[in-house]
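Colleague: The structure under discussion is supplied below as structure tokens; questions concerning it will follow.
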Amino acid sequence: MPKPELSEISGHVERVTFHSEETGFAVLKVEVKDEKELVTVVGKIPNVSVGEFLVASGDWMMDPNHGKQLRASVIRTSPPDSLAGIEKFLGSGLIHGIGPVYAKKLVAQFGKDVLDVIDTRSARLQEVEGIGPTRRKRIKDSWQEVKTVREIMTFLMSHGVSTARAFRIYKTYGEKAMQRVQSNPYCLARDIRGIGFKTADQIAEHFGIDQNSPLRARAGLEHVLQETSSQGHCACPRDELVMNTAAQLNIEVEALEEAVLHGLAEKRLILETKYTQTPLVYLAPFHRAEMDLTRDLQLLNQDTAPLKDVEPEKVLSWVQSKLGFELADKQADAIRQALLSKVLIITGGPGVGKTTLVNALIKIYEARKSKVHLAAPTGRAAKRMQETSGHYAQTLHRLLIYDPTNGGFKHDRANPLKGDVFIIDEASMLDLPLANKLIAAIPQNAVLILVGDVDQLPSVGPGSVLRDIIRSDTVPVCRLTEIFRQAADSRIITNAHKINKGEFPNSCTPANPGDFYHIEAETPEDVWGRIRGLLSKRIQSNFHLDPRREVQVLTPMQRGELGARNLNQSIQKLLNPKGDGVERYGIRYQVGDRVMQIMNNYDKEVFNGDMGMLIGIDREDQVVWVDMAGKKVDYGFNELDELTLSYAVTIHKSQGSEYPCVILPLHTQHYMMLQKNLLYTGVTRGKKLVILVGPSKAIRMALQNADSQKRVSLLAERLKDL
């Protein structure tokens, strides 16, 4: 039986009711000749704008809720050909620098030739009142970008994949984007945020790349090693790497063995056998970083300390007179050790006097006319360090100065920093690549002091640098353990130390109020109900804290009912339900939202983990504005994948930050992540109030899981070997 012929309509797009940049699915209202009402068209299209001319073919359907609509199997668009259509097209916000006002002016000036003028004769745009060289260039650049991105999006969708990352592809590869993707689709997984190996593999399959091809095998190995590094490991046992890759790719082991040999020959992979019975495979950059960090730290540590000849007891007496109180015994020991050391580690939990000790050391070094630099891995940690010390502190990225010309830092081994003493706070957050860059830039005659809590979660990135240096027993370590009297009055601090010992924390009660509470809640629905009540009323009325600005929800995971993604949507609806917004990448961003940067952007000088508030949206220029700790940062709509909502964040992402109030949902559904150091880290983020919400069983699971997975790294062994 022959198939019924498809119906075809054509007309101008009057309204884009819905369009998903992830899937391309669209609901469009189309003005069709001889039709009294706008025609509803649903189907997939990579991109579409108001005013464009559309041709669609498909079947007519009757939707019970929305009435008659054309379910299109094919949709094609082209630039509008009528003056009204062109004006709507230009005024839709598609092109930066043109909104409804300038769209009307441009059409009045150039008529139907306006699109050609923008494309090939853009200098003439300055004939329009209000358009100068700057706006003309913005319009021209945006038009070219739109054209190229649309080609990429159409190309990707033709190969069965989503198009949401087309702008990122264009930004990375420029006009050679399609050429690069066609020659090696796996470059997308390596270079483009948000495009994983599976997506790149789908494209490769469309191009006819064989399942056992050497190109796929090599890309698969690097993908699995990158996955391993995202779990904190610097390397992977060779047999485990081959077997895991074979399972993930459904590929022959022999092909992977050849790929390993090829990677070793090209020196993209490095095989390490010296310190372990099981051969380890490294991605070359991680192996090089581990080797360089070992050498540079050893060279820095072996020189003579600049204050070695001073009399320690006189220095102690002097600094205590400046502080106005006596230091505790272990703090005094740390001062003595600092005078003898080129590299020193100061570690300990909350309330044990790390800040007091750092401030004492600053006074000593500055009295000797030493140039002291204070820095931390994140902006929030640096700000807190500055507040507690009274001295300027900065992020490590700002200290080292990013160099966009080569993607590295301006300060390195060849161009070291200038200074005598470098004190780095929150050193537990240092991953292997950043620690390597930092140590390489420290001048040989300088003192390096690393301050951090080694019992917290290790870095988000690969390695456990602080822990490994301590484990190597090659650098002096001052471990502070005494909780000071003022700190002991805080239930947050005393409970943090109880948790670190594996003991169940003590909760305050309405009859015995304080700063630490545990609210029992059995099901995930109960947990969210309790959190909703806290955010909507109880915290503000009982503790006078603003839930939008002073309360942070910290959760073990991204996914799940109580994961950060789901909680963010729920809390946004609760605390900011009607903000002016724009939707991109599956997230609605609204004025008044709390947001977090999720990748380093050196051009904007904002870094992974920085948090702020969305304060404005400019639809004409397609820009949102974010207040990042007093700094106004702009993001184009296509750059919004760098931001996520941050009403709720993972405990890992909270490292280096402190918040007036922390709410910690803990549930047995988080069992994969429930560990003692995760609970300890979450609790120590709260300054004035910490509230655990969930069943006691989940807390006990975390306390009993003290042996967090050891990260695969040979830094400690290499340091011991020197």
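The values are calculated or read from the model by the stated rules, or taken from the named source; none is laboratory data. As the structure is a prediction and not an experimental result, all values here were calculated from the model. Positions of Cβ are generated from backbone atoms using ideal geometry, with glycine treated the same way; all protein chains shown enter the neighbour counts. What goes into the accessible areas is simple: the full protein's heavy atoms, side chains included, and nothing from ligands, DNA or RNA. Shrake-Rupley method; radii C 1.70, N 1.55, O 1.52, S 1.80 Å.
Colleague: Can you tell me which residue in region 14-57 is most open to solvent (accessible area, probe 1.4 Å), limited to those that are within 30 Å of ILE195 (Cα to Cα) and among the acidic types (Asp, Glu)?
Modeller: Here the residue is GLU22.
Colleague: While we're looking at this one, here's another question. Take residues that are within 24 Å of ARG588 (Cα to Cα) and at pLDDT 85 or above and tell me which of the strands (runs of 3 or more DSSP E) falling wholly in region 6-84 contain 1 or more. Quick ask: steps written out before the conclusion?
Modeller: On the way: elements: 7-19, 25-32, 39-44, 53-63, 67-78.
So the answer is 7-19, 25-32, 39-44.
Colleague: Find the strands (runs of 3 or more DSSP E) located wholly in region 602-686 whose residues include 3 or more that are of a type in the set (D, E, K, R) and more than 28 Å from ARG467 (Cβ to Cβ), and list them. Explain how you work it out, then say what you get.
Modeller: Working: elements: 611-618, 623-628, 631-636, 643-645, 648-650, 659-665.
So the answer is 631-636.
Colleague: Let me ask something else. Give the residues of region 700-717 that are part of a helix (DSSP H, G or I) and either under 30 Å from LEU271 (Cα atoms) or open to solvent by 50 Å² or more (accessible area, probe 1.4 Å) (or both), sorted by residue number. Outline the logic, then answer.
Modeller: Keep residues of region 700-717 that are part of a helix (DSSP H, G or I), which gives 700-704, 715-717.
Scanning region 700-717 gives ARG700, MET701, GLN704, LEU715, ALA716, GLU717.
Colleague: Which is modelled with pLDDT under 90 and either under 30 Å from TYR365 (Cα atoms) or of a type in the set (D, E, K, R) (or both), of THR481, THR474?
Modeller: Values: THR474 fails: modelled with pLDDT under 90.
On inspection, the qualifying residue turns out to be THR481.
Colleague: Then there is this: Give me the residue from region 419-474 that is in a loop (DSSP other than H, G, I, E, B), more than 18 Å from GLY379 (Cβ to Cβ) and among the hydroxyl-bearing types (Ser, Thr, Tyr) and, out of that set, farthest from the chain's Cα centre (by Cα).
Modeller: THR474
Colleague: In region 179-204, what residues are surrounded by fewer than 16 Cβ atoms within 10 Å (Cβ to Cβ), part of a helix (DSSP H, G or I) and either touching a residue at least 12 places away in the same chain (Cβ under 8 Å) or hydrophobic (A, V, I, L, M, F, W, C) (or both)?
Modeller: GLN182, ARG190, ASP191, GLN202
Colleague: Given the residues ILE75, ILE98, which is the only one that is under 26 Å from ARG136 (Cβ atoms), open to solvent by less than 50 Å² (accessible area, probe 1.4 Å) and touching a residue at least 12 places away in the same chain (Cβ under 8 Å)?
Modeller: Matching residue, one of ILE75, ILE98: ILE98.
Quick grid of which residues meet (1) crowded, with 22+ Cβ neighbours inside 10 Å; (2) more than 23 Å from ASN184 (Cα to Cα); (3) under 24 Å from the mean Cα position of the chain (by Cα):
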site	(1), (2), (3)
SER230	no, yes, yes
ALA265	no, no, no
VAL281	yes, yes, no
ARG295	no, yes, no
GLN298	no, yes, no
PRO306	no, yes, no
VAL310	no, yes, no
GLU313	no, yes, no
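Colleague: If you check LYS653, LYS688, LYS720, LYS697, which single one turns out to be open to solvent by 10 Å² or more (accessible area, probe 1.4 Å), touching a Gly at 6+ places or on another chain (Cβ under 9 Å) and in contact (Cβ under 8 Å) with a residue 12 or more places away in the chain?
Modeller: Numbers: LYS688 fails: touching a Gly at 6+ places or on another chain (Cβ under 9 Å); LYS720 fails: touching a Gly at 6+ places or on another chain (Cβ under 9 Å); LYS697 fails: touching a Gly at 6+ places or on another chain (Cβ under 9 Å).
Result: LYS653 is the single residue among LYS653, LYS688, LYS720, LYS697 that is open to solvent by 10 Å² or more (accessible area, probe 1.4 Å), touching a Gly at 6+ places or on another chain (Cβ under 9 Å) and in contact (Cβ under 8 Å) with a residue 12 or more places away in the chain.
Colleague: Please work out if THR276 is buried (at least 20 other Cβ atoms within 10 Å of the Cβ) and over 27 Å from SER213 (Cα atoms). Even if it seems obvious, please write down each step before you answer.
Modeller: Values: buried (at least 20 other Cβ atoms within 10 Å of the Cβ): no; over 27 Å from SER213 (Cα atoms): yes.
So THR276 fails the test.
Colleague: In addition: For region 205-228, how many residues meet the condition of being under 16 Å from MET153 (Cα atoms) and free of Cβ contacts under 8 Å to residues at least 24 places away in the same chain?
Modeller: 0
Colleague: Let me ask another. Taking region 552-601 only, how many residues are in a strand (DSSP E or B), in contact with a Lys or Arg (Cβ under 9 Å, 6 or more places away or on another chain), aliphatic (A, V, I, L, M) and more than 27 Å from GLY24 (Cβ to Cβ)?
Modeller: Qualifying residue count, region 552-601: 2.
Colleague: If you scan region 330-357, which residues turn out to be of a type in the set (D, E, K, R) and not in a helix (DSSP H, G or I)? Please lay out each step first, then the result.
Modeller: Residues of region 330-357 of a type in the set (D, E, K, R): 330, 333, 336, 342, 354.
Of everything in region 330-357, just one residue is of a type in the set (D, E, K, R) and not in a helix (DSSP H, G or I), namely LYS342.
Colleague: Tell me which residues, restricted to region 297-314, are part of a helix (DSSP H, G or I) and either farther than 16 Å from SER341 by Cβ or in contact with a Ser or Thr (Cβ under 9 Å, 6 or more places away or on another chain) (or both).
Modeller: Pass one, region 297-314, residues part of a helix (DSSP H, G or I): 297-302, 312-314.
LEU297, GLN298, ASN301, GLU313, LYS314, listed by residue number.
Colleague: May I pose another question? What pairs can you find where one residue is in region 460-482 and in contact (Cβ under 8 Å) with a residue 24 or more places away in the chain, the other is among the aromatic types (Phe, Trp, Tyr), and their Cβ atoms are less than 7 Å apart, with a gap of 6+ or different chains?
Modeller: PRO462/PHE286
Colleague: Can you pull out every residue in region 602-624 that is closer than 23 Å to ALA103 by Cβ and open to solvent by 30 Å² or more (accessible area, probe 1.4 Å)?
Modeller: ILE617, ASP618, ARG619, GLU620, ASP621
Colleague: Here is a further query. Just to verify a result, which residue in region 409-435, among those that are touching a Lys or Arg at 6+ places or on another chain (Cβ under 8 Å) and more than 15 Å from ALA393 (Cβ to Cβ), is least open to solvent (accessible area, probe 1.4 Å)?
Modeller: The residue in question is SER428.
Colleague: Which of (1) in a loop (DSSP other than H, G, I, E, B); (2) surrounded by fewer than 21 Cβ atoms within 10 Å (Cβ to Cβ); (3) not hydrophobic (A, V, I, L, M, F, W, C) is the odd one out, the single condition GLU254 does not satisfy?
Modeller: (1)
Colleague: Does at least one position in region 478-495 carry a residue that is of a type in the set (S, T, N, Q), assigned to a loop (DSSP other than H, G, I, E, B), over 22 Å from GLN331 (Cβ atoms) and open to solvent by 30 Å² or more (accessible area, probe 1.4 Å)? Explain how you work it out, then say what you get.
Modeller: As a first pass, look at region 478-495 and keep what is of a type in the set (S, T, N, Q): 481, 486, 490, 494-495.
Okay, now just the ones that are also assigned to a loop (DSSP other than H, G, I, E, B), so 481, 490.
Add one more test, that the residue is over 22 Å from GLN331 (Cβ atoms), and what stays is none.
For region 478-495, residues of a type in the set (S, T, N, Q), assigned to a loop (DSSP other than H, G, I, E, B), over 22 Å from GLN331 (Cβ atoms) and open to solvent by 30 Å² or more (accessible area, probe 1.4 Å): absent.
Colleague: For HIS397, are the conditions met, namely being assigned to a strand (DSSP E or B), open to solvent by 10 Å² or more (accessible area, probe 1.4 Å) and either among the small types (Gly, Ala, Ser) or out of contact with any Cys (no Cβ under 6 Å at 6 or more places or on another chain) (or both)?
Modeller: Working: assigned to a strand (DSSP E or B): no; open to solvent by 10 Å² or more (accessible area, probe 1.4 Å): yes; either among the small types (Gly, Ala, Ser) or out of contact with any Cys (no Cβ under 6 Å at 6 or more places or on another chain) (or both): yes.
The answer is no for HIS397.
Colleague: Determine the pairs where a residue that is touching a residue at least 40 places away in the same chain (Cβ under 8 Å), located within region 38-61, has a partner that is buried (at least 18 other Cβ atoms within 10 Å of the Cβ) and of a type in the set (Phe, Trp, Tyr) with Cβ atoms under 9 Å apart, the partner being 6 or more residues away or on another chain.
Modeller: Between residues of region 38-61 that are touching a residue at least 40 places away in the same chain (Cβ under 8 Å) and residues that are buried (at least 18 other Cβ atoms within 10 Å of the Cβ) and of a type in the set (Phe, Trp, Tyr), the close pairs are PRO46/PHE155; SER49/PHE89; VAL50/PHE89; GLY51/PHE89; GLU52/PHE89.
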